[in-house]
1. Restricting attention to the stretch 102-129, which residues are farther than 13 Å from residue 171 by Cβ and not in a loop (DSSP other than H, G, I, E, B)?
2. Hey, can you tell me all the residues within the stretch 24-44 that are in a loop (DSSP other than H, G, I, E, B) and modelled with pLDDT under 95?
């Protein structure tokens with residue numbers, strides 16, 4: 001009986017060791033996966049815009065840290081509130097100590113003055129690292145279409161859209177050198193989770 005009990009205990013300890021090794025291996029694989037930064041997919045062109053606090057912001061001012069971009073406007077009736085809510089969640093989920101910025105570009109710059117954007121940002125609890133940029137319409141169009149390779153139509157034909165401005169609902173990840181590293185569906189939780197992993201990989205590892 002004692003020998004049977006010893007064998008049983010040995011089997012239990014053996015199974016525990018195997019399980020521990022499996023968990024350790026899975027953790028190592030996951031960390032390796034997260035440590036791999038996404039590939040370069042393009043470059044953001046130079047720009048000069050104005051932040052919600054009236055401060056001028058250029059591409060060079062964002063150098064050195066990865067940043068997450070999206071395109072929204074304050075009068076948007078549907079997609080923008082959802083996008084901005086998700087950006088607010090990213091702002092809360094990413095630690096304040098993580099060197100990353102969030103950048104929302106207004107696609108309705110005539111209406112979205114710095115003061116309007118400041119009130120909009122406050123509504124979503126935006127912290128200092130979250131920029132809301134506005135500027136000349138042509139500059140915004142150039143950035144969206146030519147720079148980020150995203151759709152943009154400031155005046156869609158009647159009946160073709162539920163919103164007065166057609167724009168992308170994707171988040172874009174940019175590294176500290178102004179290079180595009182990924183596109184993410186703002187309405188897909190798995191895609192946003194991947195964005196979190198990728199931004200951490202960029203922030204934790206110099207490129």
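1. Step one: filter the stretch 102-129 for residues farther than 13 Å from residue 171 by Cβ, giving 106-129.
Of everything in the stretch 102-129, those that are farther than 13 Å from residue 171 by Cβ and not in a loop (DSSP other than H, G, I, E, B) turn out to be 106, 114, 115, 116, 117, 118, 119, 120, 121, 122, 123.
2. Pass one, the stretch 24-44, residues in a loop (DSSP other than H, G, I, E, B): 36-41, 44.
Across the stretch 24-44, the qualifying residues are 36, 37, 38, 39, 40, 41.
The values are calculated or read from the model by the stated rules, or taken from the named source; none is laboratory data. Quantities reported herein were computed from a predicted structural model and do not represent experimental measurements. Glycine gets a Cβ as well: all are built from the backbone with ideal geometry, and neighbour counts include every protein chain shown.
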